[in-house]
Each structure stands twice: as C-alpha cells, then as structure tokens.
Amino acid sequence: MPDNTDSLDLRRYDRQMKYGPIGVEGQKRLLRSRVLVCGAGALGSVSAEMLVRAGVGHLRIVDRDFLELNNLQRQSLYDESDVASGLPKAEAAVRKLHRINSNVTLEPVVTDVQYRNVMSLMDGCDLVVDGTDNFETRFLLNDACLESSVPWIFAGCLGADGQTMTVVPGKTACLQCLMPDGPPAAGSLPTCDNAGILASIISVMASIQFTEAIKILCGHLDQVSRNLTVVDLWNHQFRTLDTSHLREQGNCPACVEGRRDWLHGKRGSQAAVLCGRNAVQVRLGDEGEFNLNKIASQVTAGQVTSQSEFMLRVTYEDLRLTLFPDGRVIVTGTEDDRHARSIVARVIGQ
Ligand SMILES: [Zn+2]
C-alpha cells in the first residue's frame, strides 16, 4: 500500500511524537491505522475523541441510539445543540470529531452490533474499542476478534467503578477466560439506570483504553497490559489482577477450543431493553429495510413529530417511537418488550 503519511503535516502531533515510545515512526503507524469504536456513548465518545486528536487514520463509529439530555452529564463530546438536532449519536460524534481533526477519515454507522453484521463492521480494522453498554455485545466482540485475530479493549463503568482488560488474540486471556460461563444473567447486574454513574470514572477508563490502543497501533504489543484493571474511584482504589494464568490453564472454550457461540448466533438474546433508557428496541427488518418516507405516510395511529434522513419520530399516547432506516424501532417510555411490540404494530400497521 502506498505510504501517503509523508505528505501529511505532522506538526500537530509534535508533543505526542516527542514521547519516546511513539516517536515519528509510531505516529506514522497511527496515521495508517483503522479502528472500530463500538458504541458512541460515554466510553466510546471519550475514546473516539482521544483517538482522533492522536491522529488515527480511520475511525468507524457504530452506535444504535440517539442523544438525550441526560447523556450530557458524562458524554463530553456532545452539547445541547446535538441533543436539539435529534441526530443519532454516531452521526453527531462524527460531525464534532471532524471539526477536531479533519485529517481523520470518519465513518458513522447507525445500527446495533449483532452476530449478522459484526464481521463486516470490523472489516479492515486493526483494533476494536469497546464502548458498548452490555455483556452480550462484548462476548460477541470477543468471538469476532478471536475469529479475525484483531485485538480489542474491553471496558465497563458503573457508579464510580470501572474495569478494563486488553485482549490480544493468541497472546493474552480473553473475555471468556475471565468469565467462563458467559455474561451474568439478564437483570442480575445493576445498570446505569438504578446505580447511576459519575463522569470521572468514564474519563479514567477511557484513558486506559486509549493508552492500550496506542500501544497496539504503534506496534508495542509486548507492553500491552496482561491484567484486569479494576478501579473504585470513590474509595480511591486501583487494583490489577494478573490474567495470564487464565489463558495458561488452557481450557477456555473461546480462545483455546475455538468455539464461537456468540458469533454463530447460538448464544445471546440481543436483549431488547436498553440499559438505563426506559426504552425497548424492536427489530422489524434486516439492514436497510425501512423506507422512512413511506412509513411516515402510512402511520395508522399516533402522530409524526419529526423526520430526517436518519430517523422518524412518532408519538403515541405517552410513548415515543423512533424508527431508523436499518429496520429498528426504539420505543421510549416502557421497559415491557411485549407492550412495545404491540404498540409498534398498532402505529405502523405491521
Ligand atoms: Zn479465552
């Protein structure tokens, strides 16, 4: 592949290049690299901003949701005008990031990550950064990254607590080494909705993710952390647990035996209730199946309140339906999956 990094003005990265482990060579590697950021909420948007400022060449940002006012407390990439615009997060993120560094190629994708599309979302990427809000998607990313030998950086935050681990296929433990039985049962874990979250833990965990990302992209795989890092900011505790023995035990179904239960759709219910949102996601069709104009003209109940190329909003009684072109409807105002499905059927006649 031709190296066009020589023609770029590297002065904006001067302070970063002066940091020994990066240097000019590391910077050029960053400029040639492609990263998938999964989720453009708190962790994803903070990580994406740092990666764009650092000069990563190509960033693909995938997110299924739109912005709401209560996101602004911790999702520092966005502001009130983004909420007012009603843009999907991936789109709002890319517009903001382009103003920060216009040399970076930015690719927004408005969809949810599932076993059918995860491999194509990862296509051509050197690294995956976890900004998701649920363990099912993380186990899917774990499978997909093992399958394609692409490193990924897991992180999760709740309250003032966070945990993170870097997975380099063939070199480190994977998520399933850490949790052999898979994700905790649905509903068994607290969520941002009931446990809340402090903005500071996001910055800490995203900073660790970013640093691990830079090590990988600059070719310093030997310096990647082999630990699960657990942070409790409120009590000012930072713990690291060495995970290398987990892989050495040699009985992980995913990274040792090669099973891909999530990637093949055998596990994972694609939980419909959205974390912390009082909302349910209903999937009606496959990729690209919604013609929003057509649906807007056929709404049989409720009222169309706004429409753009990205989404169609319909209110029905005290519920708000947001339809996306990729065949999803987010029903806000309920956590009852069946109720949400029946309302969608009533409103758009399906
Ligand atoms: Zn494993």
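Quick look at the numbers
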{"quantity": "Which of Gly57, Val109, Val24, positive extreme of dipole for the chain (C-beta unit charges)", "calculated": "Val24"}
{"quantity": "Nearest 10 degrees, 0 to 90: helix 199-217 Cα axis against the chain principal axis", "calculated": "50 degrees"}
{"quantity": "The chain - mean residue ellipticity at 222 nm from DSSP helices (-39,500 (n - 2.57) per run, n ≥ 4, rounded to 500)", "calculated": "-9000 deg cm²/dmol"}
{"quantity": "Gain in span if fully extended, Ser297 to Arg53, counting 0.36 nm per residue against the direct Cα distance", "calculated": "83.6 nm"}
{"quantity": "Relative contact order computed over the chain (Cα-Cα under 8 Å; 6+ residues apart), in percent", "calculated": "14 percent"}
{"quantity": "Net dipole in debye of the chain [+1 Lys, Arg Cβ; -1 Asp, Glu Cβ; about Cα centre; nearest 20]", "calculated": "420 debye"}
{"quantity": "Gly41 long-range amide H proximity, modeled H, under 5 Å", "calculated": "none"}
{"quantity": "Leu274 long-range amide H proximity, modeled H, under 5 Å", "calculated": "Ala279, Val280, Gln281"}
{"quantity": "Among beta bridges that DSSP assigns inside the chain, antiparallel share in %, nearest 5", "calculated": "70 percent"}
{"quantity": "Highest to lowest packing among 251-257, 18-24, scored as the average C-beta count within 10 Å", "calculated": "251-257, 18-24"}
{"quantity": "Tilt relative to the chain, helix 135-148 - C-alpha long axis, 0 to 90 degrees, to 10", "calculated": "50 degrees"}
{"quantity": "Derived scalar couplings ³J(HN,Hα) [the range 111-122; Karplus, 6.51 cos²θ - 1.76 cosθ + 1.60; whole Hz; x for Gly, Pro]", "calculated": "6, 9, 7, 9, 5, 6, 10, 5, 5, 6, 5, 7"}
{"quantity": "Backbone HN-Hα couplings from phi across the range 224-232 [Karplus 6.51/-1.76/1.60, Hz, Gly and Pro as x]", "calculated": "5, 5, 9, 10, 8, 9, 10, 10, 10"}
{"quantity": "Note, ³J(HN,Hα) from phi for the range 33-43, Karplus 6.51, -1.76, 1.60, rounded to Hz, x at Gly and Pro", "calculated": "8, 10, 10, 9, 9, 9, x, 10, x, 5, 4"}
{"quantity": "Net charge, Leu77 excluded, C-beta distance under 15 Å - Lys, Arg +1, Asp, Glu -1", "calculated": "-2"}
{"quantity": "Segment Glu80-Phe238, length gained on full extension (0.36 nm per residue, minus Cα span)", "calculated": "53.5 nm"}
{"quantity": "Cα-centre dipole for the range 207-257 with unit charges at Cβ (Lys and Arg positive, Asp and Glu negative), debye to 20", "calculated": "100 debye"}
{"quantity": "Hull volume in cubic angstrom per residue (convex hull over the Cα atoms of the chain)", "calculated": "144 Å³"}
{"quantity": "R0 of 22 Å, Cβ-Cβ distance Val304-Leu72: FRET efficiency to nearest 0.05", "calculated": "0.25"}
{"quantity": "Virtual spin-label span in nm between Arg12 and Ser149, 7 Å along Cα→Cβ", "calculated": "3.4 nm"}
{"quantity": "Protection-proxy order for peptides 205-214, 235-244, each taking the mean of Cβ atoms within 10 Å per residue, highest first", "calculated": "205-214, 235-244"}
{"quantity": "The range 298-343 versus the range 208-246: alpha-carbon centroid distance in Å", "calculated": "41 Å"}
{"quantity": "Debye intensity ratio in log₁₀ form over the Cα atoms of the range 278-348, taken at each q of 0.22 Å⁻¹", "calculated": "-0.89"}
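Since every read-out is calculated from the coordinates, none of them should be taken as a lab result. Small disclaimer: the values here were computed from a predicted structure and weren't measured. Here the Cβ is made from the backbone with ideal geometry for all residues, glycine too, and neighbour counts use every protein chain on show.
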